[in-house]
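Data block below; observations after.
The values are calculated or read from the model by the stated rules, or taken from the named source; none is laboratory data. Keep in mind that what you see is a predicted model, and the values were worked out from it rather than measured. Every residue, glycine as well, gets a Cβ built from its backbone with ideal geometry; the counts of neighbours run over all protein chains shown. To get the accessible areas, we keep the full protein, side chains included, count just its heavy atoms, and leave off ligands, DNA and RNA. Shrake-Rupley method; radii C 1.70, N 1.55, O 1.52, S 1.80 Å.
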Amino acid sequence: MSEQTAAQQPLPAVDYLKLPDGDSPYLEGCKCKECEAIFLGSRAVCAKCGTRDAMETIRLSNKGKLYTYCIVHRSFPGIQVPYISAIVDLEDGVLIKGCMINTDPEPEKLKFDMPVEVVYKDALGRKDSDGNQYISYFFQPRE
Ligand SMILES: [Zn+2]
C-alpha cells in the first residue's frame, strides 16, 4: 500500500535543496537586490537591510570552508555514531549546517577553514512512512 503512494523519484530532504530534471542537484538561496546580502532558502524580506519583495532566487555554490564542527558520539536510537556535525561557510557567504562525510570523525582530520564541497546523496537509506526516498546534502573534504 505504501509503495503505491511513494514518489517515483527521491524527494529533497529540505525545501532549499533542488533536484532539477536533467541537471545537478543544488542548494537554493536568495539575494537582496538592494544590499546584495545572500541567505539560504527563500524569504520575502531582507534580514540585513529590511527591504521587502526585493529577493531574487539564486543557485548557491557547492564550495566552501569548514567553519566549525562537532563530533557526535551519542544520538537518537538508530543513528550511527560517531558522525561529524558541521557548519560550513559557502563561497557565497552563507553559513549552512549539515553532516561531514568521507573523512574520519577525528579532530586530527578536521581543520578549521579546510576546503569542503557540498555533495548530494541518498539520505542514509531512510524512507518515510509512504516509502519515499530522500536526497540530502553532505559536506566532504575538497582538494
Ligand atoms: Zn538587503
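At-a-glance table
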| read-out | value |
| --- | --- |
| Scope segment 101-117; condition surrounded by 12 or more Cβ atoms within 10 Å (Cβ to Cβ) and of a type in the set (A, V, I, L, M, F, W, C); matching residues | I101, L110, M114, V116 |
| The listed residue being surrounded by fewer than 18 Cβ atoms within 10 Å (Cβ to Cβ) and modelled with pLDDT of 95 or more, out of G93, G41, G78, G98 | G41 |
| Any chance C46 is free of Cβ contacts under 8 Å to residues at least 40 places away in the same chain, open to solvent by 40 Å² or more (accessible area, probe 1.4 Å), touching a Cys at 6+ places or on another chain (Cβ under 6 Å) and among the hydrophobic types (A, V, I, L, M, F, W, C) | no |
| Flag for A54 being out of contact with any Gly (no Cβ under 9 Å at 6 or more places or on another chain), within 16 Å of the ligand (Cβ to nearest atom) and of a type in the set (A, V, I, L, M) | yes |
| Residues that are touching a Leu at 6+ places or on another chain (Cβ under 8 Å) and away from the ligand (no atom under 12 Å from the Cβ), drawn from segment 38-51 | L40 |
| Candidates E91, E117, E108 - the one that is charged (D, E, K, R), out of contact with any Cys (no Cβ under 8 Å at 6 or more places or on another chain) and farther than 29 Å from Q9 by Cβ | E108 |
